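The values are calculated or read from the model by the stated rules, or taken from the named source; none is laboratory data. What you see is a predicted model, and the numbers here were worked out from it, not measured in a lab. In this analysis, Cβ positions are derived from the backbone assuming ideal geometry, glycine residues included, and neighbour counts consider all displayed protein chains. Note: accessible area is taken over every heavy atom of the protein model, side chains too, but ligands, DNA and RNA are not part of it. Shrake-Rupley method; radii C 1.70, N 1.55, O 1.52, S 1.80 Å.
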Amino acid sequence: MIYLKTEEEIELLRKSSLLVGKTLAEVAKRIRPGVTTLELDKVGEEFIRDHGAVPGFKGYGGFPGSLCISVNETVVHGIPNNRPLTEGDIVSIDCGVILNEFYGDSAYTFAIGDVSEEKRLLMERTKESLYKGIEFAVDGKWTGDIGDAVHSYVRQYGYSVVRDLVGHGLGKSLHEKPEVPNYGRKGNGTKLKEGMVICIEPMINLGKRNVIQEKDGWTIRTSDRSPSAHYEHAVAVRKNRADILSTFDYIEEVLKKK
Ligand code: MG
Ligand code: MG
């Protein structure tokens, strides 16, 4: 069953999603070579709690961290640890919060110092693919339209789309219906209706699409160990336009000053 949200509920989801954007910006201030992902996790958790919210991922299915921090070939669900980040890494940070009973969920991939041209382009184009998908988060369109838009955009660069993990509905649960794959065929999947709130989150690999789960039961990495990028927005489906509830503005303000 798909929950359609009222205007009031969409505004609460926006509040939660904006807090995620602010949290990621706070984390962005601290990202540099030498910092560990566990230190970043602490920064995120403190910021979330200081703003009257609860980290949405901590304890979710037993996940130990507040942030999922996924370095280079790690696609998603990386567990914060004591390994320092090094120049040239790319790091996806996925953040969830619960505020006023509603989840916020958004992710951004960061460059640590100077990264290779190959990685820089992967990040840039993965982010662009997210916005290509968002254009179809409109009443009457289909989840397959979103997936097709993401896939068509990245395919031209020889990248591949991770299929084992998908976007999802968002509300009082972190993962609601419908599933929102980053591949698909136009006019297929779930028909979108005004009031649906969905997370669109392309996970794009420089190499092959296959992924494996590490023995820790969480970490998902590319099988060929090629780098992967991940960006995510929470979006409300509207009549003639997509309404993006989360934002990268706070993050990018911080990055511009660095
Ligand atoms: Mg997420
Ligand atoms: Mg998500």
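Looking at the stretch 128-139, which of the residues that are closer than 14 Å to Arg155 by Cα and in contact (Cβ under 8 Å) with a residue 24 or more places away in the chain is most open to solvent (accessible area, probe 1.4 Å)? Step through it out loud before you land on a result.
As a first pass, look at the stretch 128-139 and keep what is closer than 14 Å to Arg155 by Cα: 128-130, 132-133.
Those left that are additionally in contact (Cβ under 8 Å) with a residue 24 or more places away in the chain: 128-130, 133.
Details: Glu128: 71, Ser129: 0, Leu130: 0, Gly133: 0 Å².
The residue in question is Glu128.
At least 3 residues that are within 30 Å of Ala111 (Cα to Cα) and out of contact with any helix residue (DSSP H, G or I) (no Cβ under 7 Å at 6 or more places or on another chain) in each: list the strands (runs of 3 or more DSSP E) lying fully within the stretch 143-242 that qualify. If you could, list the steps in order and put the result at the bottom.
Values: elements: 167-169, 176-180, 197-200, 203-205, 211-213, 220-222, 228-230, 233-237.
Counting at least 3 such residues, we get 167-169, 211-213, 220-222.
Given (1) open to solvent by 10 Å² or more (accessible area, probe 1.4 Å); (2) under 17 Å from Ile134 (Cα atoms); (3) within 16 Å of the chain's Cα centre (by Cα), where does Asn188 come up short, assuming only one miss?
Result: Asn188 fails condition (3) only.
Considering only the stretch 88-130, how many residues are more than 21 Å from Gly171 (Cα to Cα), part of a helix (DSSP H, G or I) and of a type outside the set (D, E, K, R)?
5
Of all residues being open to solvent by 40 Å² or more (accessible area, probe 1.4 Å) and closer than 30 Å to Asp224 by Cβ in the stretch 167-185, which is farthest from ligand 1 (Cβ to nearest atom)? Just the residue, please.
We begin by selecting, within the stretch 167-185, every residue open to solvent by 40 Å² or more (accessible area, probe 1.4 Å); these are 172-173, 175, 177, 179, 183, 185.
Narrowing further to those that are closer than 30 Å to Asp224 by Cβ: 175, 179, 183, 185.
Numbers: His175: 10, Glu179: 14, Tyr183: 18, Arg185: 25 Å.
Applying the filter and picking the extreme gives Arg185.
Name the residues in the stretch 89-105 that are of a type in the set (S, T, N, Q) and more than 14 Å from ligand 2 (Cβ to nearest atom), would you?
Going residue by residue through the stretch 89-105, those that are of a type in the set (S, T, N, Q) are 92, 100.
Once the filter is applied, which keeps residues that are of a type in the set (S, T, N, Q) and more than 14 Å from ligand 2 (Cβ to nearest atom), the stretch 89-105 yields only Asn100.
Which residue is nearest to ligand 1 (Cβ to nearest atom), if the candidates are limited to the stretch 194-221 and must be of a type in the set (S, T, N, Q) and open to solvent by 70 Å² or more (accessible area, probe 1.4 Å)?
So the residue we want is Gln213.
Would you confirm whether any residue within the stretch 64-84 is away from ligand 1 (no atom under 13 Å from the Cβ) and under 30 Å from Glu7 (Cα atoms)?
Scanning the stretch 64-84, I find no residue that is away from ligand 1 (no atom under 13 Å from the Cβ) and under 30 Å from Glu7 (Cα atoms), so the answer is no.
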